[in-house]
Structure formats: C-alpha cells, structure tokens
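Worksheet: the structure to be examined is printed underneath.
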Amino acid sequence: MLENVRRIREDRTENLKCLQDQRVEIERDINQTRKMINDHLDKIQDKIIEELYANEENESKRIKLLLCEIEDIEKGISDLQGNQNNIRQHASELQTFLALKHIEKEVSDKEECILSVLKSEDMKIKTLSLEINKEVQNICRAESFGSVGVDSNLCKVVFSENKCQQAQIRVPTSTSKCVDDLKITKQIQINLPSTRLIRGCTILPSGKMMFSDYDGHKIIASNNNGLHDFEIALDFKPCDIAFIETENTIAVTRGYTEKRIHIIDLKSKKIKRFIETSAYPFGITLNKNSLVYCKIGYGKMEIQLNSESKKTIVCPEMPAYSYVAVHDDNIYYTNEDSNTVSCYDILGNLK
C-alpha cells in the first residue's frame, strides 16, 4: 500500500512539474507569436510608409516641373510687357504698329500655353489617401489571442494488489474467436434518400463519412451524426473510395468504366491527378503511404503514393466488385463469387 501511495505521489508530482513546464512553453509560444506579429506589422508599416513617401515625391516632382513651366511663361509675359512700354515711348507710329502686331501674336501663343496648362492632368488637385487593409483592422477586433485548454489522459499508475489477487489475475482466460459468437449492435443510422446505388464508403478520422453513389455519379459526405454534409458531382460512375489524410484527398476507383484511379482534392472538390492501372480497379484502401486495390483478374495491387510504383502483394485472381481492407499488417478482401472474406498477411500468405 505504501508503494502504491508512493507511485501516486510521484505521478502527481510529475504531473505538477509537467504543468509548469507546459505553462512556460505555452507562454514562450505566445510571446514568439506576438513578436512575429509585431515584426510583420513593422515590416508592412515600413513598406506602406515607403510607398507614401514615394507617392508624395512623385507628385511633388510633377508639380515642381509645372511651376517651372509657369514661371517661364510668366517671365515671357513680363518681358513682352516691358518691350511694349519701351516701343510706345521711343518708336515711331509705324514701328509701334508693326511691333505690337508681333507682340500680339506672342501673347496669343502664351495664352494657348496657359490654357494648355489649365487643361493638363497636372493641374488636378492631388491628395494623399490611406485605406487600411481589413485584415489588419480585424486584428484589433480579435477578442482573444487564442484558447488554452486542459486535456485529460488516463492515469499511468498501475495499482499493485496483494500476491494472491495478482496470481488470480495472471491466470489466462480463453476467449472464443468464432465468427458465430460476434454480436453486432447498431451505432448510427445514415439516411441517403437521394442515392441510387452505393458501392463504396470510407470513414475519415474526424468521423465524417463518405459514400460513392455509382449510378448517381457522385460522392456523398455526411458528418459524424449521419447528417448530409456535401456532395461532389462526377462525370463518371465511382466504385470505391479511400481517404488519403496526408493530402486531404480521396482515391476513387471506377470499376468496369475505366482503368485508372482518380485522386480528388476535398478542398476544391476537383480531380487533382490520375493513376493509371493495367486492369479495372474495384475495392481500394489506404495502407500507410500506399494504396491497396483489387485488380480484376490479377489480385491485390499496391501503389506507392510518392512514386506511383506498383507491385502485386496477393496473387489470387480477383472477381469484379471485390473490396479490401488493411488492419495490423493483415489484408482482408471480399469475394462476391464465393461469398467469402479472406485474410492474408502483408507478404501475401493466406491466414
């Protein structure tokens, strides 16, 4: 009993230290996130300030050039005015008449220059404006920096009873593995009223379920409560499907309609790529980083997702509409012709 108490005390002391270490680590993550946000804001602030100065300099340069042009016009008009006064004082009437005609033409040219300046784009009043990005504004509307939760896991302390009880516990008990002894209980019922013929399904880690409607030309997704979530319309008949978690995609076989596997992106709901097969593929499943599928007339094939290299892992001839599952390095497949479920190890040996 003292040993059990000691274990419990050590376990709780370890948990207490773990909480302190996690608090320090989370606090460090929060500070690093805050620094990252500050650094990013400083960067985009410097960028927009630089843009502000550049716009001001550009517009100021254009206005200064226009001012120089106006000053030249002004000086020219002043010179004409001075010439006109001198001519009237010192020239004869004929000379005055001819000179004023020439001055009149120059004045007319200056007037056209002034009108041209008034109509130019540079005479528009330029102002600087600022429109704050909505994403930046949304930072100020954030009500929290994040969320801190507490997860609970099973206690690691194993309670040691007295030797008599331990001896009784160690007695092995035999359990029957006969299929006839299995009892099935219904967990959930999924209604798919709009479907025509379901040929395949897969369950995602989130609990979401996806079904291939063969005659309906679509993939149907339902949430973990069995309620309709979304559909993916297809231009072919989908046979079986498998979820690829690392890519957030589904692999879809086409049965008798085509010798290829379609990889569909769940975010865009569009076909991402194809994997060619040498025979019609039916049932399909994921095994770590590879796809295992039933290849009619050949057996079980394995395709590596990264290289798309193929190899045969189970050789018995497969009939149409065979399905496959992989669990604990065992391969299970259904045979519609013989009404059987067979189990093979990963090396292809019948178990």
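The values are calculated or read from the model by the stated rules, or taken from the named source; none is laboratory data. These numbers come from a predicted model, not from an experiment. Every residue, glycine as well, gets a Cβ built from its backbone with ideal geometry; the counts of neighbours run over all protein chains shown. With ligands, DNA and RNA removed, areas are computed over all heavy atoms of the protein, side chains included. Shrake-Rupley method; radii C 1.70, N 1.55, O 1.52, S 1.80 Å.
For the range 33-57 and the range 197-270, what is the centre-to-centre distance using only Cα atoms, to the nearest Å? Answer, in whole Å: 45.
Work from the charge dipole of the chain (Cβ charges, +1 for Lys and Arg, -1 for Asp and Glu, about the Cα centre) and give the residue of Asn289, Gln22, Ile48 farthest towards its positive end. Checked the options; the winner is Asn289.
Restricting the range 49-144 to GluC sites (Glu not before Pro) that sit in a DSSP loop and have at most 12 other Cβ atoms within 10 Å of their own Cβ leaves Glu131, Glu143.
Extension gain for Asn191-Arg7 works out to 61.2 nm (0.36 nm per residue, less the C-alpha to C-alpha distance). With semi-axes defined as the square roots of five times the eigenvalues of the C-alpha gyration tensor, the equivalent ellipsoid of the range 280-351 measures 18, 14, 10 Å, largest first. Membrane-span-like helices in the chain (whole DSSP H runs, Cα extent of at least 20 Å along the helix axis, mean Kyte-Doolittle hydropathy of at least -1.0): 93-119. Rounded to the nearest whole Hz, the Karplus-based 3J(HN,Hα) values (6.51 cos²θ - 1.76 cosθ + 1.60, θ = phi - 60°) of the range 269-276 follow the sequence 6, 10, 5, 8, 6, 10, 10, 6, with x at glycine and proline. Taking every alpha-carbon pair under 8 Å whose residues sit at least 6 apart, the chain reaches a relative contact order of 6 percent. Annotation: per residue accessible area for the chain equals 74 Å², rounded to a whole number [probe 1.4 Å, protein chains only].
With every protein chain in place and a 1.4 angstrom probe, the accessible-area ranking of Lys17, Lys208, largest first, reads Lys17, Lys208.
Computed over the range 177-221, the alpha-carbon pair-distance distribution with 10 angstrom bins reads 23, 39, 27, 11, each value a whole percent.
Put a dot 7 Å past the Cα of Ser144, heading toward its Cβ, do the same for Ile77, and the two dots end up 7.0 nm apart. With R₀ fixed at 41 Å, the C-beta to C-beta distance from Leu94 to Ile70 puts the FRET efficiency at about 0.70. The Ile184 and Ile44 beta-carbon pair, evaluated with R₀ = 45 Å, returns a calculated FRET efficiency of approximately 0.15. Treat the chain as a sphere of radius equal to its Kirkwood radius over Cα pairs and apply Stokes-Einstein at 20 °C in a medium of 1.002 mPa s; give the translational diffusion coefficient in µm²/s, rounded to a whole number. Value of D from the Cα-based Kirkwood radius: 71 µm²/s. Simple spin-label estimate for Leu350 and Ala279 gives 1.7 nm between the two label positions (7 Å along the Cα-to-Cβ direction from each Cα). Evaluating kT/(6 pi eta Rh) at 20 °C and 1.002 mPa s, with the Kirkwood radius of the range 203-351 over Cα pairs in the Stokes-Einstein relation, gives 138 µm² s⁻¹. Close amide-amide hydrogen proximity is noted between Lys218 and Asp213, Leu234, each under 5 Å apart and 5 or more residues distant or on a separate chain (H modeled in the peptide plane; Pro and chain starts excluded). The share of accessible area on the chain that comes from carbon and sulfur is 53 percent, using a 1.4 angstrom probe. Spacing of the modelled spin labels on Ser120 and Leu204, each 7 Å from Cα toward Cβ, amounts to 6.2 nm. Expressed as a whole percent, the proportion of Cα-Cα pairs in the range 1-103 lying more than 24 Å apart is 71%. With the highest mean first, a sort of the peptides 187-200, 237-250 on other beta-carbon atoms found within 10 angstrom per residue produces 237-250, 187-200. Which FRET efficiency value, to the nearest 0.05, do you get for Val107 and Ile37 by plugging their Cβ-Cβ distance into 1/(1 + (r/R0)^6) with R0 = 56 Å? After rounding, the FRET efficiency stands at 0.30.
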